[in-house]
Amino acid sequence: MNPVIIGNAELWLGDCLEILPTLPKVDAVIADPPYGIGYSPSGGGKGAFGKPVYKRFTGVDVVRGDDKPFDPEPFILIAPKVILWGANHYAPRLPASACWLIWDKREAESTLKFADCEMAWTNLPGQARIFRHLWNGVAKASESGEPRVHPTQKPIALMTWCLKQAGNPASVLDPFMGSGTLGIAAAQAGCAYTGIEIDAHHFETACERIENAQRQQRMFA
């Protein structure tokens, strides 16, 4: 299978464990893998009118591979710099690190229904860092009015921050592309991007979003 090429982005549909050995080296890996927690997009909860939370994702196999423990070993040595989100769920399988990244999703003292923050393991030098950026349903510090296209979607601003934490690499790989948020941040930063996604629906969404981001960059270049 051949990749989809969009500007300086190379997008692959398939299993990352099969595709990774065929790819050239990159400067950094930044990923939000399946954590192995059996995540349900409805969360078993109800919204204001008794409707399931994130109803539009219910019944869709949205997080492939999340039904089994995540093994980070194949991903922690394939680039000089690595950032893996959700690592608190599989921390015992990771090397020790002083430089964890924390995303505070509240920007407040109150507690969210879901986790107040998300954590990423890195092999970067230095100390732990915090990124504060509100991302709670319709209350968002960025991308206001933009529809949510993936149940574990992260803000572009967070991925831009990750690129900066990784030293603004010239090339970055995302083995779990999802809706392509890191690809958008990479396009805005002028960083070569390689993304892999196993789910065909999310792959098409990522292609569309990254193509739009690349087009906008060309317009304002």
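Quick notes on this one:
- Within the range 112-145, if we keep just the residues that are of a type in the set (S, T, N, Q) and closer than 29 Å to residue 78 by Cα, the residue that is surrounded by the most Cβ atoms within 10 Å (Cβ to Cβ) turns out to be 122.
- Residues satisfying the stated conditions in the range 152-201, i.e. of a type in the set (Lys, Arg) and without any contact (Cβ under 8 Å) to a residue 60 or more places away in the chain: 164
- Checking each residue in the range 115-141 for being among the charged types (D, E, K, R) and at pLDDT below 90 picks out 116, 140.
- Pair list, Cβ under 9 Å, 6 or more apart: the range 123-148 residue free of Cβ contacts under 8 Å to residues at least 12 places away in the same chain, other residue in a strand (DSSP E or B): 146/140
The values are calculated or read from the model by the stated rules, or taken from the named source; none is laboratory data. Since we're looking at a predicted model, the values are computed, not measured. Reconstructed Cβ throughout: ideal geometry from the backbone, glycine too, with neighbour counts over all protein chains shown.
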